[in-house]
Amino acid sequence: MSKFPQNFIWGAATSSYQIEGAAYEDGRGLSIWDTFCKTPGKVANGDTGDVANDHYHRYPEDIAIMKELGLKSYRFSFAWPRMFPNGDSVREERGFAFYDRLIDALLDANIEPLATLYHWDLPQTLQDKGGWVNRDIVNYFADYSTAVVERFGDRVKKFSPINEPWVVAWLGYGIGIHAPGHQSRKEAFAAAHHTVIAHAASTNAMRAVRSDILTGPVLNQAQHVADDPSNPVQAKAADIGDAHQNRFWMDAFMQGKYPEVLIDTYGDELLSVIRDGDLKAATVKNDFIGINYYFDNRIGKSLGGKPEWHSISGLFDLDIDETPRGPLTDMGWPLTPNGLEALLVRWHKEYGDKLPALYITENGAAYDEGPDASGRVADQRRIEYLHNHLNAVSNAIAQGSPVKGYYQWSLMDNFEWALGYEKRFGIVHVDFDTQKRTIKDSAKWYADVIKNNGAGL
């Protein structure tokens, strides 16, 4: 007997810049990632998304693989600069036509599309105007959202405006390890707030076009767990960590407010960009919430100096240690499946019937196993990762959490942002020299999970 609902949605996910390639074809404009990749020292090995997986040309092959695996749904993103090269009202019809072909092919394969409007590839021309720090981005994004739903809303019924606004704001404008590469806490707060009101504006714009679509945010979330909760430094760090990554968006969307600890501690920087009515507007009703989960953040006793691990501790002046413990993925990320269960149960307990449907819109691990002499990719570690996290999801469902679907990240090995092609998250191996796709053991395992609706996990 399966521990998952009968109509549970099994899917996989990708994003436009990570797989499409064709960066300079058919009128596509430059994105901030095109610029960032060309900036020396920003991306490992000087890698770019110019070609990536060449999905722009090879999408029929990739959809055939999806169908072979039995995917019920495919989460992808539109490339804003492919359809609007300058981010304004000037359209590039060839970009729209590509997504027509992609969507029609998915539907022909009986695969439901879940479309993200923005997965980080902002038109460079809009960044030149300030990007997400400039409040004008809200209107640009709303207009873009309208155009997308006008064109594709007859076939795509689920949309998410912005993928991982935390990453947009904090990795792009705070720490600077993602495009556009700025390092400013004040800019990061401004960008974060603008993603909140842009989400609301986008949602309203899309619904004004079609009333039969479902929309919701996609948030990367993690618990922040102190080694010693009784230690005031660790406790404060855990509170701030949870506030800025989780509650900032959950509180805004569900309650129309921002966490008090952020207002109290960093109010001058945050309050300066908030206008009357912003947070009331943020509570636009969402049909679902997408959760991207990879690992929990550990908070320990300071070892002296700022931690070098993937962190914003320095930016928030938090004197703690965040070095992960135990077995790690090839990304250096800890294995914390219990954290996913706890997070899903937490939101169910906190919001009850007010909580909309939840989808795990990303979950996966980077492991470097490649084809052996026979061509097989035996990625047992990824199977174990997925098995443990799917059990965490089923446990949360058993406790009442309204999880309705799961999207593995990623369908294919791809361009992993600042890490280039060094890290492989795919259940399908890609030889980036030849573009040969090889179905990994994890994909075969996942196909069996889908076929049996998770029975036997």
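Coordinate-derived values only; no laboratory data. Small disclaimer: the values here were computed from a predicted structure and weren't measured. All Cβ positions, even for glycine, are placed from backbone atoms using ideal geometry, and neighbour counts span all protein chains on display.
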Amide H within-cut-off set for residue 214, under 5 Å, with H built and near neighbours excluded: 158, 159
Residue (of 432, 324, 348) at the positive-pole extreme of the chain, dipole from beta-carbon charges: 348
Label-point separation, residue 330 to residue 368 (7 Å along Cα→Cβ), nm: 0.7 nm
Packing-based exposure ordering (other Cβ within 10 Å, fewest first) of 197, 383, 177: 177, 383, 197
Nonlocal amide H pairs with residue 405, under 5 Å, H built at 1.01 Å: 9, 360
Cα lying deepest toward the dipole's positive end in the chain, options 442, 357, 149, charges on Cβ: 357
Residue exposure sequence - 319, 154, 353 - by fewest surrounding Cβ within 10 Å: 353, 154, 319
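Taking the Cβ of residue 226 as the centre, find all other residues whose Cβ is under 10 Å away and add up their charges (Lys, Arg: +1; Asp, Glu: -1).
In short, 0.
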Among the listed pairs 129/423; 404/451; 67/444; 3/349, those beyond 22 Å (Cα-Cα): 129/423
³J(HN,Hα) computed for each position of region 36-44 - Karplus, 6.51 cos²θ - 1.76 cosθ + 1.60, integer Hz, glycine/proline x: 4, 5, 7, 8, x, x, 8, 10, 3
Separation in nanometres of the label points that stand 7 Å from Cα toward Cβ, at residue 264 and residue 448: 5.2 nm
Full-extension gain in nm, residue 387 to residue 128, via 0.36 nm per residue minus C-alpha separation: 88.8 nm
Helix-only CD estimate at 222 nm, as mean residue ellipticity for the chain, using -39500 (n - 2.57) per DSSP H run (n ≥ 4): -11500 deg cm²/dmol
Cut-off 16 Å (backbone N to label point 7 Å along Cα→Cβ of residue 184), residues of region 247-281: 268-274
Under the Debye formula (equal points on every Cα, no solvent term), log10 I(q)/I(0) of region 106-170 at q = 0.15, 0.18 Å⁻¹: -0.55, -0.74
Exposure proxy ranking, count of Cβ atoms within 10 Å, fewest first, for 132, 333, 347: 333, 347, 132
Label point at residue 422 placed 7 Å out along Cα→Cβ; residues across region 1-41 whose backbone nitrogen lies under 15 Å: 41
Linear extension gain, residue 209 paired with residue 435, 0.36 nm per residue minus alpha-carbon span: 77.5 nm
Modelled FRET efficiency - R0 30 Å, residue 272 with residue 303, Cβ distances, 0.05 increments: 0.30
Contact order relative to length of region 354-411, as percent, for alpha carbon pairs under 8 angstrom and 6 or more apart: 57 percent
Mean separation of Cα contacts under 8 Å, 6 or more apart, over the residue count of region 172-232: relative contact order %: 17 percent
5 angstrom amide H check on residue 426, placed H, neighbours 5+ away: 410, 413, 414
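Would you mind getting me the FRET efficiency between residue 104 and residue 455? Use the beta-carbon distance for r and R0 = 30 Å, nearest 0.05. Working shown, then result.
Numbers: r = 33 Å, r/R0 = 1.08.
Working from the Cβ atoms, E equals 0.40.
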